[in-house]
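**Student:** This structure is in C-alpha cells; I'll ask about it shortly.
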Amino acid sequence: MDRKKLFKIICIILIVLILIGIGTVLLLKRSGKNKKEDKDMYIEEYTPKEEITNEQIRQTIVTLYFNQKETNTLMPEARLIDAKLLTENPYVTLINLLISEPKNDKLESCIPEGTTVIGAELKNDVVYLNLSNEFISKHIGGEGKERQTIDAIVNTLTELNEVNAVRILIDGEENLCFQDNIINFAENFKKNE
C-alpha cells in the first residue's frame with residue numbers, strides 16, 4: 001500500500017509540474033506578443049480628434065477678485081482669456097474685466113456701475129490707474145465697501161509679476177478720495193497679505 005500511495009503522489013506532482021510548465025510557456029509567448037504590440041503602438045503617429053486652434057494656444061488664465069454676495073468677502077475668479085488681450089495694456093484689460101459682471105452668480109463686481117477706465121500706466125512697479133468720476137460719485141460708500149473695492153483692484157493687478165502697488169487717479173487728478181473722505185487716493189495701495 002505504501003508503494004501505491006507513493007506512486008500516486010509522484011504522479012500528482014508530475015502532473016502539477018507539467019501544468020505549471022505549460023502555463024509558463026503560454027505566458028511567455030503571450031508577453032512576447034504584448035511587447036511587440038507595445039513597440040508598434042509607440043511607433044504609430046498620434047492624430048488628435050480635432051486640431052488645436054491658434055486661439056486655444058493663446059489662451060491664458062487671469063485671476064479677478066469680486067465680492068461674494070453671501071459672505072461679503074473678496075473671492076478670486078479665474079477667467080480664461082485670449083493672451084493677445086494682455087499685450088497692449090494688460091492693466092486696462094484686467095480692470096475692464098473686473099468692471100464687467102463675474103461668471104459666477106454668487107459673486108458681484110465691487111466697482112460702481114458706469115465706471116470707465118480712462119487709462120493705466122506702469123511706472124516702476126506701480127500702476128497708475130485713471131478712472132472716471134463715477135468710481136467715487138456712484139460708490140455706495142462705507143469704509144468696508146470702499147476698502148473692498150480698493151482691494152479688488154489691487155489684488156487683481158498685483159497678480160501680474162511686475163505690479164506691486166496701485167495708485168488711483170480720478171479723471172486724471174491725484175489726491176482725491178471717496179465721498180466720505182475716509183480713504184484717500186494720495187497713497188499707493190498694496191496687496192494685503
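**Student:** Being over 17 Å from H139 (Cβ atoms) and of a type in the set (D, E, K, R) is the filter here, so list the residues in segment 164-178 that pass it.
**Tutor:** Within segment 164-178, R167, E174 meet the criteria.
**Student:** Does segment 129-138 contain at least one residue that is buried (at least 19 other Cβ atoms within 10 Å of the Cβ) and touching a Cys at 6+ places or on another chain (Cβ under 8 Å)?
**Tutor:** yes
**Student:** State the number of residues belonging to segment 167-193 that are loosely packed, with under 12 Cβ neighbours inside 10 Å, touching a residue at least 24 places away in the same chain (Cβ under 8 Å) and more than 15 Å from T149 (Cβ to Cβ).
**Tutor:** Matching residues across segment 167-193 total 1.
**Student:** Same structure, new question: Taking segment 61-104 as the search range and keeping residues that are in contact with a strand residue (DSSP E or B) (Cβ under 8 Å, 6 or more places away or on another chain) and more than 20 Å from I153 (Cβ to Cβ), which one is surrounded by the fewest Cβ atoms within 10 Å (Cβ to Cβ)?
**Tutor:** Filtering segment 61-104 for residues that are in contact with a strand residue (DSSP E or B) (Cβ under 8 Å, 6 or more places away or on another chain) and more than 20 Å from I153 (Cβ to Cβ), the one surrounded by the fewest Cβ atoms within 10 Å (Cβ to Cβ) comes out as L80.
**Student:** For E134, all conditions in the list (1) more than 14 Å from L157 (Cα to Cα); (2) touching a strand residue (DSSP E or B) at 6+ places or on another chain (Cβ under 9 Å) hold save one; what is the number of the exception?
**Tutor:** Here E134 clears every test but (2).
Rule-based calculations on the coordinates, nothing more; no lab input. In this text the structure is predicted, and so the values were computed from the model without any measurement. With ideal geometry, Cβ positions are generated from the backbone for all residues, glycine too; neighbour counts draw on all protein chains shown.
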